[in-house]
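Peer 1: Got a structure for you, written out below as C-alpha cells; questions coming shortly.
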Amino acid sequence: MMKARMLALLSLALGTASVALAQAPVQVTFSRVVDLTLPIESNMAPIPGLKPYLDNPSRVNVVSSITEAQREALRAEGMTLSSDHQVNGRSMISVLSILVHNGTHIDAPRHMVEKGISVDQMPVSQFVKDGVLINLPGKGPNSVVTVKDVAESGVEIRPNTIVMINTGWTDKMWGKPGFWEQMPYLERGVAEYVANKGVAGLAIDVFPEKPLWRGVKLDPGEVWIANHLALMQKNLPLIQFVTNLSQIGNNRFTVVAVPLAIKGGDASPVRVVALVE
C-alpha cells in the first residue's frame, strides 16, 4: 500500500518576538508525526532534595466543570480538583502551576548565563530543525553517556541540526521509583563536543550533569553545570526529558520544539514532535 505522504509549508520567523523578519517558506515532507513529550500532570516526580522542586510541585488544578458527571469523570481520571471547584453548566476551566524545569522542557541561556537571552528572545526558527538521532540503548541504571559514546556512535552530527540522544531511560522509567535515583547522566564534555559541531541544539532523555543528589562526586575543579554552559554560552537551547525517541526509526526527520514565549523566562515546558519522512 502506498505510504501516505503529507506536505507542510513552514513559514519561520527570524529574530526575537519583537522583530518580524520574513524567511522564505521551507518545504518539509513527512509521513509520520512522533510525539516526544511527557504529559504535564499534577505531582510530577521532583529531583530529590532540590528545594525549588519540592516547594513547587506541578499542579493541573481544575477549578470548574460543566456538569456533575464531568466532575466525577475528571476525578476518576486522577485530575486535581480545586478546593472551591464549581459545576457551572458552561465550561471546564483549569489552572496550570509548574516549575518550568520539570517534565519535557527547554532551557534558555538565561538559565545559567547571567546576561544570557531569555526563552522568548530566542529565534523561533532555532526550534524547527533537521534532527540527528544517536541511539545508546546499552545505558542502564547509574550509567554515564560519554563523549566516546557519542563520537563512536557512527552517527554524523551535521551543522544546524538538533541532536537527540536516546538511552530509553525516560521511556522506561518516567513516573516509576528510581527514575531520578538511578538515572544515567552526561559526562562533562558531551555538550561541548556536540556544540563544537555547529549544531542548533541538544535534546536528551537523561540528566545533563552529575546527579549530586545521589552522591556522585565532582572531580577536583569540575564545574557542575559544564554541559549546560557549553550550550548556553553559545546561545544554544538544551531540551530535556524527551521520550519516545525509539519511535523515530532510521528515516530523516525534522524536530519541532517551540517553547512558550514566557517574557524574560529562563526555561519553558515544550511540546516536542518529530516529523519523520
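The values are calculated or read from the model by the stated rules, or taken from the named source; none is laboratory data. From a predicted model like this one, the values you see are computed outputs, not experimental measurements. The area values use the complete protein model at the heavy-atom level, side chains included, leaving out ligands, DNA and RNA. Shrake-Rupley method; radii C 1.70, N 1.55, O 1.52, S 1.80 Å.
Peer 1: Considering only PHE30, PHE241, PHE253, give the residue with the highest GNM mean-square fluctuation for the chain, with springs between Cα atoms whenever their separation is below 10 Å.
Peer 2: PHE30
Peer 1: For region 31-83, what percent of Cα pairs sit more than 13 Å apart?
Peer 2: Of the Cα pairs, 68 percent sit more than 13 Å apart.
Peer 1: Next question, about the same structure. Starting from the amide H of ALA267, placed 1.01 Å from N in the peptide plane, find each other amide H under 5 Å away whose residue is 5 or more places distant or on another chain.
Peer 2: When sequence neighbours closer than 5 places are left aside, the close amide H contacts are ALA108, VAL119.
Peer 1: Considering only protein heavy atoms and a probe of 1.4 Å, how much of the accessible area of the chain is carbon and sulfur, as a whole percent?
Peer 2: Numbers: 7530 of 13800 Å².
Carbon and sulfur together cover 55 percent of it.
Peer 1: Take the Cα coordinates of region 143-277, assign each an equal point scatterer, and use the Debye formula without solvent to give log10 I(q)/I(0) at q = 0.09, 0.19, 0.20 Å⁻¹.
Peer 2: Reported log10 I(q)/I(0), two decimals: -0.27, -1.28, -1.41.
Peer 1: Take the Cα radius of gyration of region 63-180 and divide it by 2.2 N^0.38 Å, with N its residue count; two decimals is plenty.
Peer 2: 1.56
Peer 1: Of the lysine pairs in the chain, how many meet both conditions: Cα atoms under 18 Å apart, and a spacing of 8 or more in sequence or different chains?
Peer 2: Lysine pairs meeting both conditions in the chain amount to 12.
Peer 1: Under a GNM of the chain (C-alpha, springs under 10 Å), which listed residue has the highest mean-square fluctuation: MET92, MET183, MET112?
Peer 2: Evaluated over the chain, the most mobile residue of the options is MET92.
Peer 1: Where does the Debye-calculated log10 I(q)/I(0) of region 142-187 sit at q = 0.32 Å⁻¹, using only Cα point scatterers of equal weight, no solvent?
Peer 2: -1.21
Peer 1: Averaged per residue, what accessible area in Å² does the chain show with a 1.4 Å probe, protein chains only?
Peer 2: The answer is 50 Å² per residue.
Peer 1: Right, here's the next one. Suppose a student asked you for the relative contact order of the chain, using Cα pairs under 8 Å spaced at least 6 residues apart; what percent would you report?
Peer 2: Relative contact order, the chain: 25 percent.
Peer 1: Shifting gears a bit: From the mean inverse distance of alpha carbon pairs (Kirkwood) and the Cα radius of gyration, derive Rg over Rh for region 238-277.
Peer 2: 1.05
Peer 1: Given a cut-off of under 8 Å on Cα pairs at least six residues apart, what relative contact order in percent is computed for region 194-277?
Peer 2: 27 percent
Peer 1: Another question, if that's okay. For region 67-127, max minus min Cα coordinate along each principal axis, in Å, sorted largest first?
Peer 2: 49, 20, 19
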